[in-house]
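Notes follow the structure.
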Amino acid sequence: MAFVISDSCVKCGTCEGECPVSAISEGENQYVIDADTCISCGTCAGACPVGAISEE
């Protein structure tokens, strides 16, 4: 199951650099995770300073 980024994302970019498979990119209002690329490792969720990332 892929991870998702909620509306509480503050666009800090921390998660993007932590993703081992480059599944995270900057969207218009927040960062987004490509579900097809995500390997559900949870590294991004652990790195998010505002807890905006959770498993879908």
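Accessible area per residue for the chain in Å², computed with a 1.4 Å probe and the full protein assembly in place, what is it? All intermediate terms of the calculation are to be shown ahead of the outcome.
Values: 3330 Å² over 56 residues.
Per-residue value: 59 Å².
Which whole-number percent gives the relative contact order of the chain, counting Cα pairs below 8 Å spaced six or more residues apart?
It rounds to 50 percent for the chain.
Going by Cβ distance under 4.7 Å, what cysteines of the chain have no possible disulfide partner?
So, C9, C12, C19, C38, C41, C48.
If you roll a 1.4 angstrom probe over the protein chains with everything in place, what fraction of the accessible area of the chain belongs to carbon and sulfur, to the nearest %?
Working: 1490 of 3330 Å².
Solvent-exposed carbon and sulfur of the chain make up 45 percent of the total.
Per-residue HN-Hα couplings for the range 23-40, Karplus 6.51 cos²θ - 1.76 cosθ + 1.60 at θ = phi - 60°, whole Hz, x for Gly and Pro?
8, 10, 9, 7, x, 5, 10, 6, 6, 10, 10, 7, 4, 6, 8, 4, 9, 6
Report the GluC sites (Glu not before Pro) located in the range 1-35 that are in a DSSP loop and have at most 10 other Cβ atoms inside 10 Å of their Cβ, or state none. Mind dumping the intermediate values first?
Values: sites: E16, E18, E26, E28; in loops: E28.
Listed in order of number, the matching sites are E28.
Over all directions, how big on average is the projection of the convex hull of the alpha-carbon atoms in the chain, in square nanometres?
Its Cα hull, projected and averaged over all orientations, spans 3.2 nm².
Given the DSSP H assignment, sum -39500 (n - 2.57) over each helix run of at least 4 residues in the chain and divide by its residue total; what's the result at 222 nm in deg cm²/dmol, nearest 500? Write down the numbers at each step before the final one.
Working: 2 runs with 10 residues, N = 56.
Estimated from H runs of four or more residues: -3500 deg cm²/dmol.
In debye to the nearest 20, how big a dipole does the chain give about its Cα centre with +1 on each Lys and Arg Cβ and -1 on each Asp and Glu Cβ? List each step's numbers first, then the result.
Values: 1 positive and 9 negative charges, 35 e Å.
Here the chain has a charge dipole of around 160 debye.
The values are calculated or read from the model by the stated rules, or taken from the named source; none is laboratory data. Note that the structure is a prediction, hence the values are computed from the model and not measured. A quick note on method: Cβ atoms are made from the backbone with ideal geometry, for glycine too, and the neighbour counts reach across all protein chains shown. These accessible areas exclude ligands, DNA and RNA; they are computed on the full protein's heavy atoms, side chains included. Shrake-Rupley method; radii C 1.70, N 1.55, O 1.52, S 1.80 Å.
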